[in-house]
1. Taking only C-alpha pairs under 8 Å that are 6+ residues apart, what is the relative contact order of region 52-156 in percent?
2. Can you list which of the trypsin sites (Lys or Arg not before Pro) found in region 119-195 are DSSP loop residues with at most 14 other C-beta atoms within 10 Å?
3. To the nearest 500 deg cm²/dmol, what mean residue ellipticity at 222 nm is calculated for the chain from DSSP H runs of n ≥ 4 alone, each contributing -39,500 (n - 2.57), summed and divided by the residues?
4. Nearest 10 degrees is fine. How inclined is helix 66-79 to the longest principal axis of the chain, computing both from alpha carbons?
5. Return the FRET efficiency for the residue pair Lys173, Tyr129: r is the Cβ-Cβ distance, R0 is 25 Å, and the value is rounded to the nearest 0.05.
6. Would you mind putting 151-159, 86-94 in packing order, based on average other-beta-carbon counts within 10 Å, highest first?
7. Please report the antiparallel percentage of DSSP beta bridges with both residues in the chain, rounded to the nearest 5.
8. So how do 99-107, 23-31 stack up, highest first, on mean other-Cβ count within 10 Å?
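Just so it is clear, none of the values below were taken in a lab; they were calculated from the coordinates. As the structure is a prediction and not an experimental result, all values here were calculated from the model. Every residue, glycine among them, receives a Cβ derived from its backbone with ideal geometry; neighbour counts consider all protein chains shown.
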Amino acid sequence: MTLHIGALASGRGSNLQAIMDAIDAGKLQAKVVMVVSDRQDAPAMERAASRGIPAVHLPPKEYPDRQSYDRAVADLLQQAGVDTVVLAGYMRLVSAALLARFPGRVLNIHPALLPAFPGLDGQDQAVKYGVRYSGCTVHFVDDGLDTGPIILQAVVPVYQDDTTETLAGRILKEEHKLFPAALQLLAENRLEIKGRRVLIKD
Ligand code: GAR
């Protein structure tokens, strides 16, 4: 099934770019139909617009609470025909108001090996903690902070002379492969959530 992706992005948008590139390369059976950002200046919006993909800025300030903001986001995405929501560097927690509208269809990428180092600055947390390995995780989103069932993970070493930036760069390369790969599994209908575990069907 071709995924109709709605991406939520707050910043640079390199994961969004990797997804669009994988689609162009025939490695991901999907179409990005809309990008929504909470930040007007997010370069992710420009990346989408330059491909003719509608990119909408929705300012959180204009909504009384997280639920009403997420309801507005979900309305926009549903009107555009989105069936899969991708959090591509989205720096807000999503609430049940959005999750309930796309059950089992919201995916996030996180720059650490969850459940280690959830929340902000996963790469910096890893360097400061002193782990020898870190990486990235693609998971289904639930209403916790980076707690949903894990789809795929990739591991990278942490070197003694790593800074947050050098580690983040090493992780980012893996992110750009991992997110499209997880989405392709979803497109092939090969993911089954069983409690906390995600089974990958042959
Ligand atoms: C990525 O490293 C992503 O894993 C991280 O933000 C970066 C966004 O980069 N996401 C989080 O930390 C979510 N908690 P991008 O805008 O270039 O895709």
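1. Answer for region 52-156 is 22 percent.
2. In loop regions of region 119-195 (DSSP not H, G, I, E or B), the sparsely surrounded trypsin sites (Lys or Arg not before Pro) are Arg132, Arg190.
3. So the calculated ellipticity at 222 nm is -10500 deg cm²/dmol.
4. 70 degrees
5. Efficiency computed from Cβ-Cβ geometry: 0.70.
6. Details: 151-159: 16.3, 86-94: 21.0.
Peptide ranking by packing, descending: 86-94, 151-159.
7. Roughly 45 percent of the DSSP beta bridges within the chain come out antiparallel.
8. Per-residue Cβ counts within 10 Å, averaged per peptide and sorted highest first, yield 99-107, 23-31.
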